[in-house]
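Chemist: Handing you this structure, nothing more for now.
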Amino acid sequence: FQNYLSLPLWKQLVYAGIGLFGLQILAFFAQLIVLAVKVPSDPLGYLTSGEGLFAVYSIVYPALFLIMAILTWKGWLSIGKSLASWKPYLAGLIGVAFMIGAGSLYNLIIQAIFQAAGAPLPEVNGNQANVISMVLANPIACVFIIGFLGPFSEELAYRAGLFGFVSRLGKKWGSVIGIVVFAFIHFDVTALGS
């Protein structure tokens, strides 16, 4: 989104609001729908299982994507034009390779530190554990739901919305605040108590 600042202020605020609050609100209603349809004997156990999480997020992410797609309606042509070049795909491949390399290096460093200290390795955070359980429950559909719909919606919410809005104060502020908010949204607060 090279021209993210051309979005109207209201649209930036709506995108950011959907990213910050919409996902949770949609998840709440999706849980009610799933429990009404499934009626499990252990509702909490079902909702935290891979199957239950998949059922909820197979409602949430398509709904979020649909809302974002409607808001972006007139912008689809420019998004499509930006994807006609080979450059975004090359940049994406380089970015993925970098993230895999950086993640692997980070894991090696963390393992070395914990082993040197004689401490047990930290467990996978709750967000990652949920994604893993959903993928194990329904791997093929998760490629589309978690691999495409979720990230696309997050890009619109946080890059076009939050980053675009805060960047009105300057791109550095947009970057710093956008990164901090995005990190805290994916941070597992429950891991602090263990």
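The values are calculated or read from the model by the stated rules, or taken from the named source; none is laboratory data. Since the structure is predicted, the reported quantities are computational estimates derived from the model, not experimental observations. Just the protein is used for accessible areas: all its heavy atoms, side chains included, with ligands, DNA and RNA removed. Shrake-Rupley method; radii C 1.70, N 1.55, O 1.52, S 1.80 Å.
Chemist: When we measure straight from the Cα of LYS171, which lysines land under 24 angstrom away, once same-chain ones fewer than 8 places off are left out?
Modeler: Partners found: LYS11, LYS87.
Chemist: At each listed q (0.28 Å⁻¹), what is the log10 of I(q)/I(0) that the Debye formula gives for region 85-136 modelled as equal alpha-carbon point scatterers?
Modeler: Debye output, listed in q order: -0.98.
Chemist: Mind pulling up the Rg/Rh value for region 55-166? Radius of gyration and Kirkwood radius, both on Cα.
Modeler: That ratio equals 1.06.
Chemist: Give the carbon-plus-sulfur fraction of the accessible surface of the chain in %, rounded to a whole number; probe 1.4 Å, heavy atoms of protein chains only. Show your work: numbers first, answer last.
Modeler: Values: 9400 of 12900 Å².
Carbon plus sulfur share of accessible area: 73 percent.
Chemist: Sticking with this one: Which three extents, in angstrom, do the Cα atoms of region 138-179 have along their principal axes, listed largest first?
Modeler: Largest to smallest, the principal-axis extents are 43, 13, 8 Å.
Chemist: So what is the relative contact order of the chain, in percent, for Cα pairs below 8 Å that sit 6 or more residues apart?
Modeler: 40 percent
Chemist: In whole Å, what are the Cα extents of region 110-182 along the three principal axes, biggest one first?
Modeler: 47, 37, 15 Å, listed from the longest principal axis down.
Chemist: Rounded to the nearest whole Å², what accessible area per residue is found for region 30-182 with the 1.4 Å probe?
Modeler: Ligands and nucleic acids excluded, the result is 65 Å² per residue.
Chemist: Percent of Cα-Cα pairs per 5 Å bin, from 0 to the last occupied bin, for the chain, please list those.
Modeler: Reading the bins upward from 0: 1, 7, 11, 15, 18, 17, 13, 9, 6, 2, 0, 0.
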